[in-house]
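Q: Structure in structure tokens, see below.
The values are calculated or read from the model by the stated rules, or taken from the named source; none is laboratory data. Worth saying up front: this structure is predicted, and the values here are computed from it rather than measured. Here the Cβ positions follow ideal geometry from the backbone for every residue, glycine too, while neighbour counts run over all protein chains shown. Accessible surface is based on the protein model in full, side chains and every heavy atom, while ligands, DNA and RNA are left aside. Shrake-Rupley method; radii C 1.70, N 1.55, O 1.52, S 1.80 Å.
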Amino acid sequence: KAWNVLALDGSNWQRIDLFDFQRDIEGRVVENISKRCGGFLRKLSLRGCLGVGDNALRTFAQNCRNIEVLNLNGCTKITDATCTSLSKFCSKLRHLDLASCTSITNLSLKALSEGCPLLEQLNISWCDQVTKDGIQALVRGCGGLKALFLKGCTQLEDEALKYIGAHCPELVTLNLQTCLQITDDGLITICRGCHKLQSLCASGCSNITDAILNALGQNCPRLRILEVARCSQLTDVGFTTLARNCHELEKMDLEECVQITDSTLIQLSIHCPRLQVLSLSHCELITDDGIRHLGNGACAHDRLEVIELDNCPLITDASLEHLKSCHSLERIELYDCQQITRAGIKRLRTHLPNIKVHAYFAPVTPPPSVGGSRQRFCRCCIIL
């Protein structure tokens, strides 16, 4: 009986995560929880609960008016009606995740702006109906936003970023992955208006140039994470400016930045002592000399944890020799580095026994002929 009393006491239910039960959760379950917990509930995750819709969340919003963190990621039945309910009843909301709720439109952002002024973190990734008008409405009422995730919002243009830059001076994290219409103009406005920016993802924004790296270097000295995979117009010139000004960089994804050379690695090795994760996959101009500088750099001995070198054809076993002194190195990716050998990896592991090495190797001997025709062998993936 005592246990039952505790179980029914709403004050013991301040944080609830139903992800492990997502397939079984229906609207009535959420309604019952909200009635049980009432004003005690501060954090609720319904991530992936496909059976939960607007009606259940209206009841939830009415009962749980002190909610601060709400995760509705993947709740595909959700529409603008849910955000209207949250706006009306949940003025203390700080973190809201609506990723992949594809029915969300500009009306939701307008509602949040009007009723949730304390909002600090919003994820509307893959809500591809959102346009600049929604962003404009959002930032006018939620100027305290610190994290904004807009991945896959393909209708967003530079104008949307100009609104963010003008109204969100506290912004720390911005994700614009695959927002294909974004250009230098919009991102430069972000850099000039959001000096506290620490994390920027612009992977797949293929229109951006070195002007972005210059703007980041001049305006965002606290930058720690930069992801610009598949931004093929970026060059050593821009990364030089960035490295010389952003000394707190910890993670960089430069995959398919095909114009960069060893010069970028030299600058990173000199100016970025906190670098932990570096992806250089498909940067085909990188050579052993660049890795040598990285291995001798300030980050090498006790910071660098992951380096990805997939499809860097000029990399040889010499690069592995240069990385032996990187005692914090946990993982290295070497897929399609055809000059890397098993012997080179084995020598690396004598110095770094716990490292994970991912690589491809072709058969050592030519495949035998059978019946006058040559058999086909695929390369094998190994994790050493």
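Q: For Rg and Dmax of the Cα atoms in Å, which listed value, (i) 24.9, 81; (ii) 22.2, 80; (iii) 19.0, 57, comes from the coordinates shown?
A: (i)
Q: Quick one: net charge around N354, please, counting Lys, Arg +1 and Asp, Glu -1 for every other residue with C-beta under 13 Å from its C-beta.
A: Residues near N354 contribute +1 overall.
Q: Between their Cα atoms, which of K151/K356; K77/K162; K110/K146; K162/K196; K92/K146; K151/K251 are more than 21 Å away from each other?
A: Distance filter (> 21 Å) returns K151/K356; K77/K162.
Q: May I ask which residue of T178, G165, C246 lies farthest towards the positive end of the charge dipole of region 162-254, with charges of +1 (Lys, Arg) and -1 (Asp, Glu) on Cβ and the Cα centre as origin?
A: It is G165.
Q: Charges on Cβ only, +1 for Lys and Arg, -1 for Asp and Glu, centred on the Cα centroid of region 83-157; of V130, L145, N106, which one is farthest towards the dipole's positive end?
A: It is L145.
Q: Something else about it: Name the lysines eligible as straight-distance cross-link partners of K1: C-alpha to C-alpha under 28 Å, and not fewer than 8 places from it in the same chain.
A: K35, K43
Q: Could you look at region 1-146 and say what percent of its accessible area is carbon and sulfur, using a 1.4 Å probe and all protein chains?
A: So the carbon and sulfur contribution to the accessible surface is 48 percent.
Q: Can you send over the carbon and sulfur percentage of the accessible area for region 162-246, probe radius 1.4 Å, protein chains only?
A: 45
Q: What is the angle, in °, between the Cα long axis of helix 54-63 and the longest principal axis of the Cα atoms in the chain? Nearest 10 is fine, range 0 to 90.
A: 70
Q: Something else now. Cα axis of helix 210-219 to longest principal axis of the chain: angle in degrees, 0 to 90, nearest 10?
A: With rounding to tens, the tilt is 60 degrees.
Q: To the nearest 20 Debye, how big is the dipole of region 1-197 about its Cα centre, given +1 on the beta carbon of each Lys and Arg and -1 on that of each Asp and Glu?
A: Roughly 740 debye for region 1-197.
Q: How big is the dipole moment of region 153-252 about its Cα centre under a simple scheme where the beta carbon of each Lys and Arg is +1, that of each Asp and Glu is -1, and everything else is neutral? Debye, nearest 20, please.
A: 280
Q: Which angle from 0 to 90°, rounded to the nearest 10, does the C-alpha axis of helix 342-351 make with the longest principal axis of the chain?
A: 70
Q: Output the relative contact order of the chain, whole-number percent, from Cα pairs under 8 angstrom with separation of 6+ residues.
A: 7
Q: Mind checking the full-extension length gain between Q62 and K346? Use 0.36 nm per residue of separation minus the Cα-Cα distance, one decimal, nm.
A: On the way: separation 284, 0.36 × 284 = 102.24 nm, distance 6.18 nm.
Gain on extension, Q62 to K346, equals 96.1 nm.
Q: What is the dipole size for the chain, taken about its Cα centre, with +1 at each Lys and Arg Cβ and -1 at each Asp and Glu Cβ, in debye to the nearest 20? The partial results should precede the final answer.
A: Numbers: 41 positive and 41 negative charges, 278 e Å.
Approximately 1340 debye in magnitude.
Q: Related question: Compute the accessible area per residue over the chain, keeping the other protein chains in place, probe 1.4 Å, unit Å². Could the numbers behind the result be given before it?
A: On the way: 17280 Å² over 384 residues.
Normalised by residue count, the accessible surface of the chain is 45 Å².
Q: Something else about it: Would you mind counting up the charge near L109? Only other residues with Cβ under 12 Å from its Cβ, with Lys and Arg at +1 and Asp and Glu at -1.
A: Residues near L109 contribute 0 overall.
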